[in-house]
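The values are calculated or read from the model by the stated rules, or taken from the named source; none is laboratory data. Note that the structure is a prediction, hence the values are computed from the model and not measured. A quick note on method: Cβ atoms are made from the backbone with ideal geometry, for glycine too, and the neighbour counts reach across all protein chains shown.
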Amino acid sequence: MRRAAASLWFLLALPVAATDAPLFWRIDPLTSQAQFRVHLRMAIPAEGRFKRIQGEIRPLPEQKLSVRVQLDARELVMDGPAWIQKVTHSADFLDSAAYPEIRFQSLPFSRQVLVSGGDIAGTLTLREHSKPVTFRVLPTQCRQPGVACPMSASGTLNRQDFGIHAYRWSLRDEVVVEFQLKFADD
């Protein structure tokens, strides 16, 4: 595993032009996490996590990268009372039965963002509404981000932008999505 991690770090440092095959780094669904948090107007926590996260980071020309992340809305497990789970998956909110895929596709970004932190802009698709969203990547505390330590990012979106208009009396419009991403070593 250390050899694979060292190889991955070395490949990230290589110029893209030096590689012949299109390389990508798969996000490890077993060690990566995605959380989902809504803000209720009452003092009840409304946080959850997705059971699995899929995606990849691909190198692009000019030392840039692109990230693609996919979540299955049906696999969102909300903490707290059972009614929070039911409401979150209902047709009035995520409608996870009709719209199971949540996708993020980034615009090209600098490799330095993975180490120093910064913004990754892209398009989030939720309930088949695609809107621009920016995730803030935190600076890493290790020399091999995504290998020796997870890369952490978070973003806030407005649920109204994605066609989620129900529960205005009990739920604020802001939804926070957070990621801790690690690469698979295969």
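Here are the numbers for this structure:
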| item | result |
| --- | --- |
| Extreme residue, surrounded by the most Cβ atoms within 10 Å (Cβ to Cβ), among residues of region 131-148 that are under 15 Å from the mean Cα position of the chain (by Cα) and not in a strand (DSSP E or B) | GLY146 |
| One residue from GLU56, GLU75, GLU128 being of a type outside the set (A, V, I, L, M), free of Cβ contacts under 8 Å to residues at least 60 places away in the same chain, surrounded by 14 or more Cβ atoms within 10 Å (Cβ to Cβ) and over 18 Å from TRP25 (Cβ atoms) | GLU75 |
| Counted residues, region 33-47 - those being over 16 Å from GLY155 (Cβ atoms) and either out of contact with any Pro (no Cβ under 9 Å at 6 or more places or on another chain) or among the small types (Gly, Ala, Ser) (or both) | 6 |
| Test set (1) at pLDDT 90 or above; (2) farther than 17 Å from VAL175 by Cβ; (3) of a type outside the set (Val, Ile, Thr) - TRP83 fails condition number | (1) |
| Residue list for region 160-174, restricted to those being surrounded by 19 or more Cβ atoms within 10 Å (Cβ to Cβ) and free of Cβ contacts under 8 Å to residues at least 60 places away in the same chain | PHE162 |
| Selection status of VAL115, crowded, with 16+ Cβ neighbours inside 10 Å, at pLDDT below 95 and either in contact with a Ser or Thr (Cβ under 8 Å, 6 or more places away or on another chain) or charged (D, E, K, R) (or both) | yes |
| Any hit, region 34-42, residues being outside any strand (DSSP E or B), at pLDDT 90 or above, polar (S, T, N, Q) and under 30 Å from GLN85 (Cβ atoms) | no |
| Qualifying residue in region 161-171 (condition: part of a strand (DSSP E or B) and either at pLDDT 95 or above or in contact with a helix residue (DSSP H, G or I) (Cβ under 6 Å, 6 or more places away or on another chain) (or both)) | no |
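Rundown of residues vs (1) assigned to a helix (DSSP H, G or I); (2) basic (Lys, Arg); (3) out of contact with any Leu (no Cβ under 7 Å at 6 or more places or on another chain); (4) under 19 Å from GLY55 (Cα atoms), yes/no style:
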| site | (1), (2), (3), (4) |
| --- | --- |
| ILE84 | yes, no, yes, no |
| VAL87 | yes, no, yes, no |
| ASP95 | no, no, yes, no |
| ALA98 | no, no, yes, no |
| ILE102 | no, no, no, yes |
